[in-house]
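Report on one structure; see the data block that follows.
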Amino acid sequence: MGFLSILSYTRTCVEERVKEGDIVIDATVGNGNDTEFLAQLVGETGCVFGFDIQENALYSTRSRLERTELLGRVTLWQKSHSRMVESLPSNLCEKVSAVMFNLGYLPGNDHQLVTTPDTTLPALISSLYLLKKGGIITIVLYTGHPGGQEEADSVLDWVRQLDQARYHVLRYQFFNQKNNPPFLLAIEKR
Ligand SMILES: C[S@@+](CC[C@H](N)C(=O)[O-])C[C@H]1O[C@@H](n2cnc3c(N)ncnc32)[C@H](O)[C@@H]1O
């Protein structure tokens, strides 16, 4: 078997840490691929919270979850992920098993509507607060669009200074691919 793709490896990391009944967050819902994946993992007794600023993204995700009969375990907000703590139930500090970020723009939609460090970094800080021990934050970063490299640099600067006694940080990347390949940063709370 060859190396897992960035997205497959991201899912493997999440799958290993999320079980039936868990609480998880999709910080960038988009077309709902990750939301659906998370909803399957947490099962009927679990709960997925999702954020996206685009109405059409949430509309297509809702339709998708209705078709797959998973909507009952998912709560979606048309809000920036930087507002996650104020939006979620108040008792979730260190209760969340996984937070997934897939940064950049929504393929097939407005390429101007991208994630930016001014909201991505506050959302990551909130995610650390919500994450339980043994839980994981995954961040897939793209550098090929305007602003993408700056956002990746900001996130890299931020993860570099995380205390290694409290967090493991992993980078997964194909080094010799052309055309700005995406890469994964994963943070595990120890
Ligand atoms: C690469 S796409 C996500 C793809 C998605 N995970 C999927 O499975 O289809 C990035 C998404 O982030 C959203 N986004 C941009 N800024 C955001 C913000 N501040 N808070 C939440 N979502 C945001 C965009 O609207 C876009 O849908």
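All of the numbers you see were taken from the coordinates with simple rules; none came from a lab. Every value quoted in this text rests on a predicted model; they were computed, and no experiment measured them. Quick reminder, even Gly has a Cβ in these numbers, built from the backbone with ideal geometry, and neighbours come from all protein chains shown.
Just to check, using Stokes-Einstein with a Kirkwood Rh over alpha carbon pairs, what's the diffusion coefficient of the chain at 25 °C and 0.890 mPa s in µm²/s?
Working: Rh = 16.6 Å.
The diffusion coefficient I find is 148 µm²/s.
Among the listed pairs 19/79; 133/178; 79/178, give every one whose C-alpha distance is greater than 29 Å. Intermediate values should be presented prior to the final figure.
Working: 19/79 27 Å; 133/178 37 Å; 79/178 34 Å.
Flagged as over cut-off: 133/178; 79/178.
Using a ≥ b ≥ c from the Cα gyration tensor of region 1-101 (square roots of the eigenvalues), is it rounded, prolate or oblate, where a/c under 1.5 gives rounded and otherwise the larger of a/b and b/c decides, a/b for prolate?
Working: a/c = 1.42, a/b = 1.19, b/c = 1.19.
Rounded.
Which is farthest toward the positive dipole end of region 74-186 among 84, 158, 129, measuring Cα position about the Cα centre, with Cβ charges +1 (Lys, Arg) and -1 (Asp, Glu)?
Of the options given, the answer is 129.
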